[in-house]
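Colleague: The structure under discussion is supplied below as structure tokens; questions concerning it will follow.
The values are calculated or read from the model by the stated rules, or taken from the named source; none is laboratory data. These figures come from a predicted structure and were not determined experimentally. FYI the Cβ positions are ideal-geometry reconstructions off the backbone, even for glycines, and counts take in every protein chain you see.
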Amino acid sequence: MRIVRRFLAGCLAMFMIAPAAGAQDHVISKSALDQAVQQRISREQADREVILSLLQRQDVRDIAGKAGLSIDQARAGISLLQGKDLAQAAEQARVVQDSLAGGGNVTVSTTTIIIVLLLIILIVLVAK
């Protein structure tokens with residue numbers, strides 16, 4: 001009986017020590033964590049700047065006006081965008097910027113992208 005108790009006590013001790021020893025392998029340093037947070041903040045700020053610069057273009061303002069969308073509300077909503085929504089809106093803004101920089105003429109597809117971008121921003125603004 002004494003052997004069984006010692007065996008069970010040893011097994012129990014092993015089960016309690018094993019997770020603690022394994023947890024030490026996944027510890028991230030404070031500097032690495034700070035760097036990751038700073039990179040995310042920088043990326044989000046760059047994404048917001050891309051969207052804001054697109055909304056400042058006169059041709060984009062004209063398209064939004066014809067579609068009945070408010071640029072001012074869209075600009076206010078940009079600060080509410082986060083994560084996946086922000087990245088998606090910024091990617092669309094980059095596509096529009098590249099398209100407009102290439103020829104200067106606004107095509108139907110570019111107009112559609114601008115309207116979709118503005119709608120995404122406005123929907124997020126209303127949802128929050």
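Quick grid of which residues meet (1) touching a helix residue (DSSP H, G or I) at 6+ places or on another chain (Cβ under 6 Å); (2) modelled with pLDDT under 75:
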| site | (1), (2) |
| --- | --- |
| 70 | no, no |
| 81 | yes, no |
| 88 | no, no |
| 105 | no, yes |
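Colleague: If you don't mind, there's one more thing I want to ask. Residue by residue through the range 26-84, note down the ones that are without any contact (Cβ under 8 Å) to a residue 12 or more places away in the chain and either touching a strand residue (DSSP E or B) at 6+ places or on another chain (Cβ under 6 Å) or β-branched (Val, Ile, Thr) (or both).
Modeller: 27, 28, 37, 41
Colleague: Counting only residues that are at pLDDT 70 or above and exposed (fewer than 10 other Cβ atoms within 10 Å of the Cβ), how many does the range 15-31 have?
Modeller: 7
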